[in-house]
Amino acid sequence: MARNATLHNFTVQLADVDRNVYQDLELRLARHPSETPEFMLTRLLAYCLEYQEGIAFTDGVSATDEPAVLVRDLTGRVNAWIEVGAPDAERIHRGSKLAGRAAVYTHRDPDKVLDALAGKRIHRAEVIPLYSFERDFIESAVSAVERRNTAALSVTERLLYLELNGTAQSTPIEERPLG
């Protein structure tokens, strides 16, 4: 955990109908001083939407050689490289080559993220999804985040429903390929 990081606890009831994943999660996220609340929330959403055995948070924005979320198998091999925000093409390229799959979740304007990556060398860019959420959804959810949080997150037909500390909202999960 980074020095002066703010620790946030999340108790999450996850019901991802699309992937048949139902799990109660107790998560601790250390928010680095340079990490925005929007980035942290998107990191949490990426973790939940990618949840599977072997998933883990990395050090977030302070991790220079790892993505925000990793999935490893029992041997330690990286199976999924999950970036958050607006990562540079080099990181995505390296992660795509290293892992069985890569994905990007962004709280930013997806058109701007795609424009910044256009024409750059990214291994298998055509199969790497960029997931985004409605901007109002992220802003509203961030305003509900506290140090200790209770959330119910469900996904059905790529529509995300989130109840966070008594505030309920929903957003479509938009998906576009990087290449």
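Bear in mind these aren't lab numbers, they're just calculated from the coordinates by the rules spelled out. Computed from a predicted model, the values in this text were never measured in an experiment. Ideal geometry is used to build each Cβ from the backbone, glycine not excepted, and the neighbour counts take in all protein chains shown.
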**Complete:** Candidate cut points under GluC sites (Glu not before Pro) in the stretch 1-59, DSSP loop plus at most 12 other Cβ atoms within 10 Å of their own Cβ, are Glu53
**Prompt:** Cα centroids of the stretch 121-179 and the stretch 1-43: how far apart, whole angstrom?
**Reply:** 12 Å
**Asked** What is the mean projected area of the alpha carbon convex hull for the stretch 6-177, to one decimal in square nanometres?
**Response** 9.2 nm²
**Spin-label zone in the stretch 31-54 - amide nitrogen under 11 Å from a point set 7 Å from the Cα of Asn79 along the C-beta vector** = 51-54
**Message:** Apply the Karplus curve 6.51 cos²θ - 1.76 cosθ + 1.60, θ = phi - 60°, to the phi angles in the stretch 18-25 and return the couplings in whole Hz, x for Gly and Pro.
**Reply:** 4, 10, 6, 10, 10, 8, 9, 10
**Asked** Taking the inverse of the average 1/r across all pairs of different Cα atoms in the stretch 86-167, what Kirkwood radius in Å do you get?
**Response** 14.7 Å
**Message:** Tell me the mean residue ellipticity at 222 nm calculated for the chain from its helices only (DSSP H runs of n ≥ 4, each -39500 (n - 2.57), averaged over every residue, nearest 500).
**Reply:** -7000 deg cm²/dmol
**Item:** Estimated inter-spin distance, Ala30 and Asp109, nm [label 7 Å along Cα→Cβ]
**Value:** 3.5 nm
**Asked** Over the chain, what is the percentage of antiparallel beta bridges among all DSSP beta bridges, to the nearest 5?
**Response** 70 percent
**Length-normalised contact order of the stretch 6-177 in % [C-alpha pairs under 8 Å, at least 6 apart]** = 22 percent
**Request:** Could you pull out the longest piece of the chain with no exposed loop trypsin sites (Lys or Arg not before Pro) in it, calling a site exposed if DSSP puts it outside H, G, I, E, B and it has at most 13 other Cβ atoms within 10 Å?
**Result:** 20-76
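Subtract the Cα-Cα distance of Thr11 and Tyr161 from 0.36 nm times their separation in residues, and report this length gain in nm to one decimal. Please report the intermediate quantities before stating the final value.
Values: separation 150, 0.36 × 150 = 54.00 nm, distance 1.56 nm.
Result: 52.4 nm gained on full extension.
Please work out how much length the chain gains when fully extended from Thr150 to Glu90, using 0.36 nm per residue of separation minus the C-alpha to C-alpha distance, in nm with one decimal.
Numbers: separation 60, 0.36 × 60 = 21.60 nm, distance 3.58 nm.
In short, 18.0 nm is gained.
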